[in-house]
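Participant: Sharing a structure, written as structure tokens. Questions coming.
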Amino acid sequence: MKKDEPPLEFPDTLEGFEYSFNEKGQLRHVKTGEPFVFNYREDLHRWNQKRYEALGEIITKHVYRLLEDECHLKKVTLPEGYGVIVLNPNENYIEVEKTKAQVQLSSDSSDEPAEKRERKDKIQKETKKRRDFYEKYRNPQKEKETMQMYIRDNGSPEEHTIYVWDHFISQSAAENVFFVAHSYGGLAFVELMIQREAEVKNKVTAVAFTDSVHNVWHQEAGKTIREWMRENCCNWVSSSEPLDASVESMLPDCPRVSAGTERHELTSWKSFPSIFKFFSEAMEAKNSSVKPTPTRRSNRIKYEEL
């Protein structure tokens, strides 16, 4: 703590921070009406960061309540009996400020076959590389280095996605399953397809990526997966072009169109009208037994020509 830095003690309610959500769901200061300001106190980056994190925890709980009370969703602890709630595929580790000597993996893999351990180690190493890169991209304001405690069966975004698929989505009675996969979530979805290709094709009607960072070459997605993605997926990416305008890509997976914003974090919000239209068209095509065409959206790119 710097000499002149105030105590790291913050309110535990939105009202205490003097923030509230308006009728449009936007976070605004109750007195000034201004959006959230990270640099609340100049030259106190660490204090501002801690304030930002404390407010984020309150907003997370607020969103959970909305999902339960207004959307009638059920909150489930993952994995069962572990006492940890994990709903966001990008936050599958509990962050704790400890020294490296204090941090130990909680999982015991001594009874696992050597082949399975080797494959898990390889996946974890690759996942760490992706996460390290993505963390810098996703949260440049984060100054402290946080240690990580492994959550059984949910130790990476990819593992978590597969876990949720196996334990919830694949067992649901829903006939039309749709995915909105933002940023690293797109990479996790492609990994799910690689691991559960037949199940995903049978269960999922359409997928909307929003500024996804997936890469079918680096992830070694097979030809049949790439073909399915061309038919059933679309990626709304950050761009200065108008909403739904074609955006060129050299990846042979799915069409890319503009989200109508250059801000990565707003791509989902800005493209929601187009995404729901995309889902409606996919469901209508499925229910009418008409095979969706690769040009379901008039501005899609014919990747066969690239």
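The values are calculated or read from the model by the stated rules, or taken from the named source; none is laboratory data. All figures in this text were calculated on a predicted structure; none of them were measured in a lab. Because the Cβ atoms are built from the backbone with ideal geometry, glycine has one as well, and the counts that use them run over all protein chains shown. For accessibility, only protein heavy atoms count, side chains too; no ligands or nucleic acids. Shrake-Rupley method; radii C 1.70, N 1.55, O 1.52, S 1.80 Å.
Participant: Does at least one position in segment 236-255 carry a residue that is farther than 27 Å from Ser172 by Cβ, of a type in the set (Ser, Thr, Tyr) and outside any loop (DSSP other than H, G, I, E, B)?
Facilitator: Within segment 236-255, one or more residues are farther than 27 Å from Ser172 by Cβ, of a type in the set (Ser, Thr, Tyr) and outside any loop (DSSP other than H, G, I, E, B).
Participant: Moving on. What's the total number of residues in segment 267-306 that are at pLDDT 85 or above, open to solvent by less than 50 Å² (accessible area, probe 1.4 Å), of a type outside the set (A, V, I, L, M, F, W, C) and touching a Ser or Thr at 6+ places or on another chain (Cβ under 9 Å)?
Facilitator: 3
Participant: Filter segment 24-43 down to the residues that are in a loop (DSSP other than H, G, I, E, B), of a type outside the set (S, T, N, Q) and modelled with pLDDT of 90 or more and list them by number.
Facilitator: Passing the criteria: Val30, Lys31, Gly33, Glu34, Pro35.
Participant: So Arg28 ticks every box in (1) surrounded by 13 or more Cβ atoms within 10 Å (Cβ to Cβ); (2) farther than 25 Å from Lys270 by Cβ; (3) charged (D, E, K, R) but one. Which box is left unticked?
Facilitator: (2)
Participant: While we're looking at this one, here's another question. Quick test for you: out of Asp153, Asp211, pick the one residue that is on the phi > 0 side of the Ramachandran plot, open to solvent by 50 Å² or more (accessible area, probe 1.4 Å) and under 18 Å from the mean Cα position of the chain (by Cα).
Facilitator: Answer to the selection: Asp153.
Participant: Something else now. Can you list residue pairs whose Cβ atoms sit under 7 Å apart, with the first residue in segment 54-80 being under 28 Å from Phe10 (Cα atoms) and the second being polar (S, T, N, Q)? Count only pairs 6 or more apart in sequence or on different chains.
Facilitator: From segment 54-80, the pairs are Ile58/Thr13.
Participant: May I ask you to list the residues in segment 214-262 that are under 23 Å from Lys286 (Cβ atoms) and open to solvent by less than 10 Å² (accessible area, probe 1.4 Å)?
Facilitator: Correct list: Ala221, Ile225, Met229, Cys233, Cys234, Asn235, Trp236, Asp253, Cys254, Pro255, Val257.
Participant: Mind telling me which of the residues Glu197, Glu231, Glu227 ends up being farther than 23 Å from Trp269 by Cβ and either within 16 Å of the chain's Cα centre (by Cα) or in contact (Cβ under 8 Å) with a residue 60 or more places away in the chain (or both)?
Facilitator: Glu231
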